[in-house]
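Asks: Before anything else, here's the structure in question.
Every number in this text was worked out from the coordinates using simple rules, so none of it is lab data. All values reported here derive from a predicted model rather than from experimental measurement. Virtual Cβ from ideal backbone geometry, glycine too; neighbours counted across all protein chains shown.
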Amino acid sequence: MDWKPVTLSPSPLDQSWYEASARARLAGLLDADSFQEFIGPEQRMMSPHLPLFDLPRAFDDGMIVGHGLLEAQPVLVAAQEGRFMGGAFGEIHGAKLVGLLRAALAVKPSAVLILFDTGGVRLQEANAGETAIAEIMRAIAIARAAGIPVIGLIGGRAGCYGGGGLVAGTCSRLVISEGGRLSVSGPEVIETNRGAEEFDSRDRALVWRTMGGKHRRLLGAADAFVDDTIGAFRAAALAAIPAAPAFDLATLQAEQARLEARLDRFGDCADATEIWGRLGVDDPTAVPGLTTEAFDALLDRLPEGPHHAR
Amino acid sequence: MPDKMPHDAILASLFPEGHAVTLADGLITGDGPLNGGRLAVIGIDGDTALGIEGACHLAGRVLDVVRAGGATPILVLIDSDSQRMSRRDELLGLNEYLAHLAKALLLADAQGHPTIGLLYGHSAAGAFIATALATRVLAALPGAHPSVMDLPSVARVTKLPLETLQAMARSTPVFAPGLDNMVQTGAVQVVLDPDKPLGPQVGALIAESPADDTRDALGLARGGRPVARDIAARVVREAQGMVVGEARGA
């Protein structure tokens, strides 16, 4: 894939989203010095369960939540740290996001931004993590029904897998980069359960064209495909907020029609390149190598209508 | 562990006067009479994995109920496997299909159709989140056995011996499979009595269902999730305190 070379620019907006820590992503995404954290690391609210497994803990449990400004608009933000326990949802990690979404009803921000970077549920706290995912999805539905857009940003090392993929599917809008993978079962999970003939997890090109950002954008699973920079995610998040759909029967009926049509059109496709060909892409094998600019130009040429109902 | 109550016995107990609920390809759809009105039913039977077609079909039935208006409650019967694990399901966007089913249930509930889950067999992972866990009240029958991941798989991932995990599972409900642990976590609110008619029990759940999501409070009271409720409440307080501070010009 087309990695950005390490930048020599000092601007946080030019840094790689994929390489940045969750805190660096937040610092660059929001207006300078506007971020205020809730339950910051100084409070040391650490997992009560990981010591049972002799595992190290983090002062923030891999989830950073707070308030900030995005082009002077107040937003609530949550960022997962994929380098701690794979960004997985544990009890505290999940509860922080539940609280943030519930707070949105009182605070009435312009949007809630979720910076996904997760392998899914933390197995050492599986029942608490799974239940937290359900609480988060319910809280997103309530926030959206109250008119608050919930925007998901996907471009981290751990991707967005497992229950994280379902939470992402509940958001109003999704922004994804080349490095962002969005899926339920990850490649290794499918291979472990069904064998390498079903999914060879070492075939990185297969992983990227099945679960990666370009495929998700072409399929309509994400609304915007962006370069792997904090500045590109910031611009796309800003553009997504006013475009957020209502959470109502009309939206979900449109999504039902969109997902039924996808089964009809592509249900017999064995590979993403077949889907791209049917979408009208002349040279599907060239898609993975396209720059963001060339990919955007391709999207503009395709005869597809918008896939925005979600 | 008690035997699983079969789905036809559940339907007979729910609807002694008969019903129009059918089972095809592991998917349950239809409705039956309850308290002078109708109870819509969707579900998954026979430890069936939930894939893109199944999720899309069930979501369509839920949206039919919402479109018809009224206040018809929706019962979600669950004896499923996990999400279907395949390259094709993921290629076509399984995360969207599962989230869409959950959103349909959440929308129905928000628009006055109380949603009740009834877990009577297995369920796991994405299938569990998209169905039973997306309802307002989740009940279970003895013999149900939900899990996020079975202990041998947890042993593989955590690199801990299975015997160690089995010993740990006896003292902490937070990671181990099983109905009792999901009850302690607050995810399963109540276990129904299979020897009494299910219609009145489900009717009572609908009548008494809480307006808010109380699962973290249940998890605290039952000891399965010791800190989740306080963490969520603390985030809400800190967020509100900041807004109040700004209003005062702080």
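Asks: For the range B:1-57, what does the alpha-carbon gyration tensor say about shape, rounded, prolate or oblate, given a ≥ b ≥ c as the root eigenvalues, a/c under 1.5 as rounded, and a/b over b/c as prolate?
Replies: oblate
Asks: Now for a different question. In square nanometres, what is the average projected area of the Cα convex hull of the range A:201-253?
Replies: 5.2 nm²
Asks: Need one number for chain A: average projected area of the convex hull over its C-alpha atoms, nm².
Replies: 16.2 nm²
Asks: Mind checking B:183-195 for the average number of partner chain beta-carbons within 10 Å of each residue's beta-carbon?
Replies: Going residue by residue through B:183-195 and averaging, the value is 2.
Asks: Percentage of Cα-Cα pair distances in the range A:210-310 greater than 24 Å, rounded to whole percent?
Replies: 27 percent
Asks: If you average the sequence gap of Cα pairs under 8 Å that are 6 or more apart and divide by the length of chain B, what percent do you get for the contact order?
Replies: 16 percent
Asks: Also: Sort A:K214, B:K196 so the one with the fewest other Cβ atoms within 10 Å of its own Cβ comes first.
Replies: Ordered from fewest to most neighbouring Cβ atoms within 10 Å, A:K214, B:K196 come out as B:K196, A:K214.
Asks: Another question, if that's okay. Obtain the nm distance between the two label points defined at B:S153 and A:A261 by a simple spin-label model: each point lies 7 Å from its Cα along the Cα-to-C-beta direction.
Replies: Rounded to a tenth, the inter-label distance reads 3.4 nm.
Asks: Enumerate the calculated ³J(HN,Hα) couplings along the range B:45-51 in order (Karplus 6.51 cos²θ - 1.76 cosθ + 1.60, θ = phi - 60°), each rounded to whole Hz, writing x wherever the residue is Gly or Pro.
Replies: Result, ordered by residue: 10, x, 6, 7, 6, 9, x Hz.
Asks: In addition: Compare the Cα positions of A:A237, B:L27, B:A99 along the charge dipole of the protein assembly as shown (+1 at Cβ of Lys, Arg; -1 at Cβ of Asp, Glu; about the Cα centre) and return the one farthest towards the positive end.
Replies: It is A:A237.
Asks: If you don't mind, another one. Okay, helix-only estimate at 222 nm for chain A: each DSSP H run of n ≥ 4 adds -39500 (n - 2.57), divide by all residues, round to 500 deg cm²/dmol; what do you get?
Replies: Taking each H run of at least 4 residues, the total per residue is -11500 deg cm²/dmol.
Asks: For B:N35, put the label point 7 Å out on the Cα→Cβ axis and report which residues of the range B:94-133 keep their amide N under 15 Å from it.
Replies: Answer for this model: B:112-117.
Asks: Over all directions, what mean area does the Cα convex hull of the range B:1-130 project, stated in square nanometres?
Replies: 7.9 nm²
Asks: Using amide H atoms built 1.01 Å from N in the peptide plane, name the residues 5+ places from A:V121, or on other chains, whose amide H lies under 5 Å from its own.
Replies: A:F89, A:G163, A:G164
Asks: Quick one: Debye curve from the alpha-carbon atoms of the range B:80-212 only, equal weights, vacuum; give me log10 I(q)/I(0) at q = 0.09, 0.18, 0.22 Å⁻¹ to two decimals.
Replies: -0.32, -1.07, -1.30
Asks: While we're on this one: I need the calculated FRET efficiency for the pair A:Q253 and B:V191, taking r as the beta carbon distance and R₀ as 25 Å, to the nearest 0.05.
Replies: Given R0 = 25 Å and the Cβ-Cβ separation, E is 0.10.
Asks: At what distance in angstrom do the alpha carbon centres of the range A:218-243 and the range B:28-60 lie from each other?
Replies: Spelled out, the Cα-based centre of one part sits 36 Å from the other.
Asks: Still on this structure, please answer the following. Give me the Kirkwood hydrodynamic radius of the range A:103-218, using the inverse of the mean 1/r over all pairs of distinct Cα atoms, in Å to one decimal.
Replies: Its Kirkwood hydrodynamic radius stands at 15.0 Å.
Asks: Mind checking Rg over Rh on chain B, alpha carbons, Kirkwood formula for Rh?
Replies: Rounded to two decimals, Rg/Rh equals 1.01.
Asks: Follow-up. Restricting to lysines 8 or more places apart or on different chains, can you count the pairs in the protein assembly as shown with Cα atoms under 26 Å from each other?
Replies: 6
Asks: Moving on to the next point. Label points 7 Å out from Cα along the Cβ direction at A:R278 and B:D8: separation in nm?
Replies: According to this spin-label approximation, the distance is 3.8 nm.
Asks: Can you give the helix-only mean residue ellipticity at 222 nm for chain B, where every DSSP H stretch with n ≥ 4 adds -39500 (n - 2.57) and the sum goes over all residues, rounded to the nearest 500 deg cm²/dmol?
Replies: Mean residue ellipticity, 222 nm, calculated: -14000 deg cm²/dmol.
Asks: I would also like to ask the following. Given R₀ = 22 Å, what would the calculated FRET efficiency be for A:D203 paired with A:T285, taking r from the Cβ atoms and rounding to 0.05?
Replies: In this case the efficiency is close to 0.90.
Asks: Right, here's the next one. How much length is gained if the chain between A:E71 and A:D271 is pulled fully straight, taking 0.36 nm per residue apart and subtracting their Cα-Cα distance, in nm to one decimal?
Replies: Full-extension gain reported as 68.0 nm.
Asks: Quickly work out the A:A297-to-A:L52 label distance, labels modelled 7 Å from Cα along the C-beta direction, and quote it in nm with one decimal.
Replies: Here the modelled spin labels are 5.6 nm apart.
Asks: Ranked highest first by average number of other Cβ atoms within 10 Å, how do A:261-267, A:94-100, B:24-30, A:26-32 line up?
Replies: A:94-100, A:26-32, B:24-30, A:261-267
Asks: Shifting gears a bit: Report, in debye and to the nearest 20, how large the dipole of the protein assembly as shown comes out about its Cα centre when Lys and Arg carry +1 and Asp and Glu carry -1 on their Cβ.
Replies: Charge dipole of the protein assembly as shown: 980 debye, to the nearest 20.
Asks: Further question: Across the protein assembly as shown, how large is the tail of the calculated P(r) beyond 31 Å, expressed as a percent of all Cα pairs?
Replies: Within the protein assembly as shown, distances greater than 31 Å cover 44 percent of Cα pairs.
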